[in-house]
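Peer 1: My questions all concern the structure below.
The values are calculated or read from the model by the stated rules, or taken from the named source; none is laboratory data. In this text, all values refer to a predicted model and were calculated from it rather than measured experimentally. Don't worry about glycine lacking a Cβ; one is built from the backbone with ideal geometry, like all the others, and counts go over all protein chains shown.
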2 protein chains.
Amino acid sequence: MDPLEAVAIVPAGGKGERLGLGAKAFLELGGRTLLEIVTQKLQPRVSRIVVGVPAEDVHRARGLLPASVEIISGGNTRQATVERLVQASKEALVLIHDVTRPFASGALIGRVLEAAAQHGAAVSMVHSQIPVGRTTQGCVAQSLDRNEVMLPQSPQAFQRAVLERAIQNGRRQGRERQTTWQLVEMNGERIAVVEGEETNIKITTAMDWDVARLVVWPRIMNGDRI
Amino acid sequence: MDPLEAVAIVPAGGKGERLGLGAKAFLELGGRTLLEIVTQKLQPRVSRIVVGVPAEDVHRARGLLPASVEIISGGNTRQATVERLVQASKEALVLIHDVTRPFASGALIGRVLEAAAQHGAAVSMVHSQIPVGRTTQGCVAQSLDRNEVMLPQSPQAFQRAVLERAIQNGRRQGRERQTTWQLVEMNGERIAVVEGEETNIKITTAMDWDVARLVVWPRIMNGDRI
């Protein structure tokens, strides 16, 4: 069987308000923006890449990325941006990767695509080192052992039919979720878990950015992984 | 009402096998071991400190800590070490803090003690930035929104009666849990959540140790917090 054709969509619409250094897509590591790092990492794994940035950043992004990477303006929320990116493509497999996770390896991206091709949906997750608490009204309602829970990363990938069903039903029922795999899970679909990477951190806070610059980036450069 | 007398117990029996640099209690930051940093931080907040280390490390720990800090040899598991430390003390409030979390602030330790005095049990937790997945057999079984879950840190603190009940019932029912608040939660007790600190990281892996040395320690030194 030929591998399914895959598009990588990159929602990069965040303003980086918690970090306070401007839109995170344009933060730089080793002279390249996160947007360049992420799209260059995706390039060999998929046949098409579509990026969604705020309307005012389309020109700036265009100046950084090769012509083969498509750029559209995103929506008001991450979910709205993902919907536009899905509509702007037709490939049978859709990989979603966040510009705020620049350290995902090419191998991980490949494994997530393969798992989605096989199972319909897949997301990269890491094991929790500690039990997690379900909380309500300032108290612990339930402890979940560390082997019961996993902490999701991106990339995540879906067969197009699975993803479009989840988006349509989500819209019909007014669901707005932080990440796309939640919409798919709430639609009753099976999602395979792909073992993620400790270095695949998400850059949200100023401390995350220090960890990215001072710890993960040097580690990955030493290992020649980016 | 007089404040309840409090003991701080510090289980420090781990061999640091995942990190591979020897027992984590003796790792150094700025010329002090984690054991010294943690006990010095606890000192002004409690009337007594008891540390549990492996039998072969008692002498080494004794050489580092002031005579006011009691040192006993721990058990084979964290839970067994905690049980010995609880038995070795009599104070009405018991604060448990891990030597692998050297960056908890004195203010956080104080807030956890106050909450335990008031509610019976309290644990420091931080909000999850992302939804968490309940997983089973390699698939996502349920997504938990980030406002439903929190990620526990230490310190945790308990009124002695609450803690001893949980330990006794846990022993009777053969429960072995990774952290003490889980035993208390499984015993049906109410546990108050105290908002934790982003810098209060747990040192488990080599990457955690880099984050501790290169990111958190300099941040805290700049803020004069340790």
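Peer 1: Test each condition in (1) within 16 Å of the chain's Cα centre (by Cα); (2) within 14 Å of chain B (Cβ to nearest Cβ); (3) of a type outside the set (D, E); (4) surrounded by fewer than 24 Cβ atoms within 10 Å (Cβ to Cβ) for A:A80 and report the one that comes out false.
Peer 2: (2)
Peer 1: All but one of (1) under 23 Å from B:E198 (Cα atoms); (2) surrounded by 15 or more Cβ atoms within 10 Å (Cβ to Cβ) hold for A:A206, so report the exception by its number.
Peer 2: (2)
Peer 1: Can I ask one more? When you check A:Q142 against the structure, is it touching a helix residue (DSSP H, G or I) at 6+ places or on another chain (Cβ under 8 Å), free of Cβ contacts under 8 Å to residues at least 12 places away in the same chain and within 14 Å of chain B (Cβ to nearest Cβ), yes or no?
Peer 2: Here the answer is yes, as A:Q142 does meet what is asked.
Peer 1: Do any strands (runs of 3 or more DSSP E) lying entirely in segment A:95-173 carry at least 3 residues that are surrounded by 17 or more Cβ atoms within 10 Å (Cβ to Cβ) and small (G, A, S), and which ones are they?
Peer 2: The strands (runs of 3 or more DSSP E) meeting that bar are A:121-127.
Peer 1: In segment B:182-214, what residues are under 24 Å from B:K15 (Cα atoms), more than 14 Å from the chain's Cα centre (by Cα), at the interface with chain A (Cβ under 7 Å from one of its Cβ atoms) and not in a loop (DSSP other than H, G, I, E, B)?
Peer 2: Hits for segment B:182-214 are B:M207, B:D210, B:V211, B:L214.
Peer 1: Do the conditions hold for A:V112, that is, is it in contact with a strand residue (DSSP E or B) (Cβ under 6 Å, 6 or more places away or on another chain) and farther than 17 Å from A:R78 by Cβ?
Peer 2: yes
Listed here are the residues, each with its yes/no results for (1) within 30 Å of B:T179 (Cβ to Cβ); (2) modelled with pLDDT of 90 or more; (3) within 14 Å of chain B (Cβ to nearest Cβ).
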| residue | (1), (2), (3) |
| --- | --- |
| A:L95 | no, yes, no |
| A:A107 | no, yes, no |
| A:A115 | no, yes, yes |
| A:T136 | yes, no, yes |
| A:R146 | yes, no, yes |
| A:S154 | yes, yes, yes |
| A:I167 | no, yes, no |
| A:R171 | no, no, no |
| A:G174 | no, no, no |
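Peer 1: Given the structure, is B:V123 touching a helix residue (DSSP H, G or I) at 6+ places or on another chain (Cβ under 7 Å) and within 8 Å of chain A (Cβ to nearest Cβ)?
Peer 2: Numbers: touching a helix residue (DSSP H, G or I) at 6+ places or on another chain (Cβ under 7 Å): yes; within 8 Å of chain A (Cβ to nearest Cβ): yes.
Considered against the rule, which asks whether it is touching a helix residue (DSSP H, G or I) at 6+ places or on another chain (Cβ under 7 Å) and within 8 Å of chain A (Cβ to nearest Cβ), B:V123 comes out as yes.
Peer 1: Only one of (1) without any contact (Cβ under 8 Å) to a residue 24 or more places away in the chain; (2) more than 30 Å from B:T199 (Cβ to Cβ) fails for A:A122. Which number is that?
Peer 2: Checking A:A122 against (1) without any contact (Cβ under 8 Å) to a residue 24 or more places away in the chain; (2) more than 30 Å from B:T199 (Cβ to Cβ), the one that fails is (1).
Peer 1: Next question. Here are some conditions: (1) within 18 Å of B:Q142 (Cα to Cα); (2) away from every other protein chain (no Cβ under 14 Å). A:F158 meets all but one. Which one does it not meet?
Peer 2: (2)
Peer 1: Taking segment B:66-94 only, how many residues are outside any loop (DSSP other than H, G, I, E, B) and hydroxyl-bearing (S, T, Y)? Explain how you work it out, then say what you get.
Peer 2: Of all residues in segment B:66-94, those outside any loop (DSSP other than H, G, I, E, B) come to B:69-73, B:78-87, B:93-94.
This time we only want the ones that are hydroxyl-bearing (S, T, Y), so: B:73, B:81.
Summing the residues that are outside any loop (DSSP other than H, G, I, E, B) and hydroxyl-bearing (S, T, Y) in segment B:66-94 gives 2.
Peer 1: Name the single residue, out of those in segment B:28-65 being outside any strand (DSSP E or B) and of a type in the set (K, R), that is nearest to B:K15 (Cα to Cα).
Peer 2: So the residue we want is B:R60.
Peer 1: How many residues does segment B:1-24 contain that are outside any loop (DSSP other than H, G, I, E, B) and either at pLDDT below 95 or not small (G, A, S) (or both)?
Peer 2: Qualifying residue count, segment B:1-24: 5.
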